[in-house]
Amino acid sequence: MDHVISGVAKFQDEVYPTKKATFQKLANGQNPEVLFITCSDSRIDPNLVTQTDPGELFICRNAGNVVPPHSNQTGGMTASIEFAVAALGVSHIVICGHTDCGAMKGALNPEALDGLPHVKEWLGHCRCATEVVKERRGSVDHENLEEVTQENVLQQLQHLRTHPSVAAKIATGKVKLHGWVYNIGSGEVLCYDESSKTFERMSEAYAEQKLTKK
Ligand SMILES: [Zn+2]
């Protein structure tokens, strides 16, 4: 913990002064363009991977980058999503899974989670991912980790669409959804492409968008 505490001092002495104008601008409000939903895994740094600064990403993290389907029971994810979409007016939502995800391994082997009752219940929200892969392949186990991770991103995007604030903005073209999987070992990010229905390298998945921007 010592290096974490000394890190705060280092931030205040060395980093803050170089970005003082940015922090002072942010002091009285935020206007992020992107709601970034990812796993709590310590190996993911959303701002580092996307090369963004404080104020640019509204970040929600939990084990397995799960978005529980909308219900009338309020939870942290539901409230944070509603705030990001309806109050802050984000125009993009990214759900970013990752390789070697412990939550996905847990979803593949729920019997091993008997001592972790809350984790087990939480990962029930990922069951649709394992069921889809099982139906597609005839069985599902650790060998299918990559496919389950990708499918989980797609299923959580489905859950996201059930949230009224999100549904309203999608229907009016004000919010766009993105499904990504970050590879911890290689740094690569695969993105779901709606037209090919596959996860592709970022440069390919967003090639069309790049062309229209030029
Ligand atoms: Zn994870």
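The values are calculated or read from the model by the stated rules, or taken from the named source; none is laboratory data. The model shown is predicted, which means the values in this text are computed figures rather than measured ones. Neighbour counts run over all protein chains shown; Cβ positions are idealised from the backbone, glycine included. Heavy atoms of the whole protein, side chains included, go into the accessibility calculation; ligands, DNA and RNA do not. Shrake-Rupley method; radii C 1.70, N 1.55, O 1.52, S 1.80 Å.
Just the number, please: carbon plus sulfur as a percent of the accessible area of the chain, 1.4 Å probe, no ligands or DNA/RNA counted.
Values: 6570 of 12610 Å².
Percent of accessible area from carbon and sulfur atoms in the chain: 52.
For the chain, the antiparallel share of DSSP beta bridges with both residues in that region comes to about 30%. Just need the relative contact order of region 17-102 here, percent rounded to a whole number, with Cα pairs under 8 Å and 6+ apart. Relative contact order, region 17-102: 40 percent. 3J(HN,Hα) along region 120-136, derived from phi through the Karplus expression 6.51 cos²θ - 1.76 cosθ + 1.60 where θ = phi - 60°, amounts to 4, 5, 4, 6, x, 5, 9, 4, 4, 5, 5, 5, 5, 5, 4, 5, 6 Hz, with x in place of Gly and Pro.
The spacing between region 93-163 and region 24-47, judged by their C-alpha centroids, is 24 Å. Legend: distances between Cα atoms for Lys174/Lys197; Lys120/Lys174; Lys120/Lys169; Lys10/Lys120; pairs beyond 29 Å are Lys120/Lys174; Lys120/Lys169; Lys10/Lys120. Computed from backbone phi, the HN-Hα couplings of region 43-49 come to 8, 9, 10, x, 5, 5, 5 Hz, rounded to whole numbers (Karplus: 6.51 cos²θ - 1.76 cosθ + 1.60, θ = phi - 60°; Gly and Pro given as x). Take every pair of alpha-carbon atoms less than 8 Å apart whose residues are at least six positions apart; their mean separation over the length of the chain yields a relative contact order of 20 percent.
Residues whose amide H lies under 5 Å from that of His98, counting only those 5 or more places away or on a different chain, are Tyr182; hydrogens are built 1.01 Å from N in the peptide plane.
Here is the list for region 1-68: GluC sites (Glu not before Pro) lying in DSSP coil, each with at most 14 other C-beta atoms within 10 angstrom of its C-beta, are Glu33. Based on protein heavy atoms only, the chain ends up with 59 Å² per residue of surface accessible to a 1.4 Å probe.
Taking the chain as a Gaussian network of alpha-carbon nodes connected by springs under 10 Å, the highest mean-square fluctuation of the residues Pro46, Pro54, Pro69 belongs to Pro54.
Applied to region 85-92, the Karplus parametrisation 6.51 cos²θ - 1.76 cosθ + 1.60 on θ = phi - 60° returns per-residue 3J(HN,Hα) values of 7, 8, 9, 7, x, 4, 10, 9 Hz, with x for Gly and Pro.
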